[in-house]
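Undergrad: For reference, the structure I am asking about is given below.
The values are calculated or read from the model by the stated rules, or taken from the named source; none is laboratory data. Everything numeric here is computed off the predicted structure, so don't read it as measured data. When we count neighbours, we look across all protein chains shown, and the Cβ atoms used for this are built from the backbone with ideal geometry, even at glycine. Just the protein is used for accessible areas: all its heavy atoms, side chains included, with ligands, DNA and RNA removed. Shrake-Rupley method; radii C 1.70, N 1.55, O 1.52, S 1.80 Å.
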Amino acid sequence: MRFLTTDSATGRLLTWGRGVLEILILLVTRPSRRSLRFASMILRVKPRFTMVNNANLIHLYETVESAAKEGLAGAIVECGVWNGGSAAVMALADREARGPSAAPRPVWLFDSFEGLPPPKEKDDKKALEHYFEGMNKGSIEAVKRVFTNLKLPLERLTITKGWFEQTLPKAELPATAILHIDADWYDSVKVVMETCYPKVVPGGYVILNDYGFWEGCDRAVEDYFAERKLSQPEIVRVGRVGGYFRKPA
């Protein structure tokens, strides 16, 4: 299955083709200046810098935009970065929503930059069959490049390289307005919830890129709340894959 992922030229071409088709559908079904802006933005980050599908990229933008309109304080934190395209979309949304005179939100990014770790017993058969060593390996250089391409400030960017279970517990995480989890497997999503979710401000947004696709992601979120005897917030689906919820006030 490696040839179908963006780790291969074939996979990147397929991602680009699907992305262009989705842009055309967007422009036909929702013709507007806003749709044109979204189309331009997506073409600048795909497929070189992100694998996140178009609907989810637009949702990330609109979520950050909503957080700005609501006056939510806190950083943008992303766990599972690849080449930085989705993080750049969120930083761009923050700048455009709050204006150039406002101080940009800090953006904290966590990734191994070695690819995904192997899935384990709490992940589904599909994950075990699709995994290969080095799967979804991104680079810090690519992250900085996409931020520079979009004229986003690097001085507000904190990039931490390493496996989540080693880096997140040691990180001095900021109060968080938007937490984007793109970590695929059970263990990875679980450690992100355990370490990052407590820092999300009341009313803050938690976005799960893999919700409804990788069973381990869904199960990790459910187990996090069940183990703490907390009521799990309603997870709203986003497009074909993905979901989000807001931290209760």
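Undergrad: Filter region 128-152 down to the residues that are open to solvent by less than 70 Å² (accessible area, probe 1.4 Å) and either free of Cβ contacts under 8 Å to residues at least 60 places away in the same chain or touching a His at 6+ places or on another chain (Cβ under 6 Å) (or both) and list them by number. Walk me through how you get there before you give the answer.
TA: Just the residues of region 128-152 that are open to solvent by less than 70 Å² (accessible area, probe 1.4 Å), to begin with: 130-132, 134-136, 138-140, 142-143, 146-147, 150, 152.
Result: Tyr131, Gly138, Ser139, Ile140.
Undergrad: What tally of residues in region 153-186 results from selecting those that are open to solvent by 20 Å² or more (accessible area, probe 1.4 Å), within 17 Å of the chain's Cα centre (by Cα) and among the charged types (D, E, K, R)?
TA: 2
Undergrad: Can you name the helices (runs of 4 or more DSSP H) wholly within region 40-140 that have at least 2 residues being touching a strand residue (DSSP E or B) at 6+ places or on another chain (Cβ under 9 Å)?
TA: Working: elements: 54-69, 85-98, 125-130.
Output list reads 54-69, 85-98.
Undergrad: Being modelled with pLDDT of 95 or more and either among the hydroxyl-bearing types (Ser, Thr, Tyr) or in a loop (DSSP other than H, G, I, E, B) (or both): is that true of Asp223 here? Full working, then the answer.
TA: Details: modelled with pLDDT of 95 or more: yes; either among the hydroxyl-bearing types (Ser, Thr, Tyr) or in a loop (DSSP other than H, G, I, E, B) (or both): no.
When the stated conditions are applied, Asp223 does not pass them.
Undergrad: Which of the numbered conditions does Asp94 fail, given that it passes all the others? Conditions: (1) closer than 25 Å to Gly203 by Cα; (2) in contact with a Phe, Trp or Tyr (Cβ under 9 Å, 6 or more places away or on another chain); (3) open to solvent by less than 20 Å² (accessible area, probe 1.4 Å).
TA: Every condition holds for Asp94 apart from (2).
Undergrad: What single numbered condition from (1) open to solvent by 30 Å² or more (accessible area, probe 1.4 Å); (2) over 14 Å from the mean Cα position of the chain (by Cα); (3) at pLDDT below 95; (4) closer than 25 Å to Arg18 by Cα fails to hold for Met51?
TA: The single condition Met51 does not satisfy is (2).
Undergrad: Right, something else. Which residue out of Ala102, Ala87, Ala73 is surrounded by fewer than 20 Cβ atoms within 10 Å (Cβ to Cβ) and closer than 19 Å to Tyr197 by Cβ?
TA: On the way: Ala102 fails: closer than 19 Å to Tyr197 by Cβ; Ala87 fails: surrounded by fewer than 20 Cβ atoms within 10 Å (Cβ to Cβ).
Being surrounded by fewer than 20 Cβ atoms within 10 Å (Cβ to Cβ) and closer than 19 Å to Tyr197 by Cβ holds for just one of Ala102, Ala87, Ala73, which is Ala73.
Yes or no, residue by residue, for (1) closer than 30 Å to Phe132 by Cβ; (2) in a helix (DSSP H, G or I):
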| position | (1), (2) |
| --- | --- |
| His180 | yes, no |
| Asp187 | yes, yes |
| Phe213 | yes, no |
| Phe245 | no, no |
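Undergrad: Okay, moving on. Kindly provide the set of residues from region 57-70 that are open to solvent by 10 Å² or more (accessible area, probe 1.4 Å) and under 12 Å from the mean Cα position of the chain (by Cα), ordered by number.
TA: Taking region 57-70 as the starting set, the residues that turn out to be open to solvent by 10 Å² or more (accessible area, probe 1.4 Å) are 58-59, 62, 65-66, 68-70.
Result: Ile58, His59.
Undergrad: In addition: Restricting attention to region 198-211, which residues are over 11 Å from the mean Cα position of the chain (by Cα) and either more than 21 Å from Gly84 (Cα to Cα) or in a strand (DSSP E or B) (or both)?
TA: Across region 198-211, the qualifying residues are Pro198, Lys199, Val200, Val201, Pro202, Gly203, Gly204, Tyr205.
Undergrad: A further question on this structure: Got a sec? Which of Glu215, Glu222, Glu194 is touching a residue at least 60 places away in the same chain (Cβ under 8 Å), farther than 18 Å from Pro106 by Cβ and surrounded by fewer than 23 Cβ atoms within 10 Å (Cβ to Cβ)?
TA: On the way: Glu222 fails: touching a residue at least 60 places away in the same chain (Cβ under 8 Å); Glu194 fails: touching a residue at least 60 places away in the same chain (Cβ under 8 Å).
Exactly one of Glu215, Glu222, Glu194 is touching a residue at least 60 places away in the same chain (Cβ under 8 Å), farther than 18 Å from Pro106 by Cβ and surrounded by fewer than 23 Cβ atoms within 10 Å (Cβ to Cβ), namely Glu215.
Undergrad: Then there's this: Among the residues of region 212-249, write down those that are closer than 20 Å to Val201 by Cα, among the small types (Gly, Ala, Ser) and in contact with a Lys or Arg (Cβ under 8 Å, 6 or more places away or on another chain).
TA: Gly243
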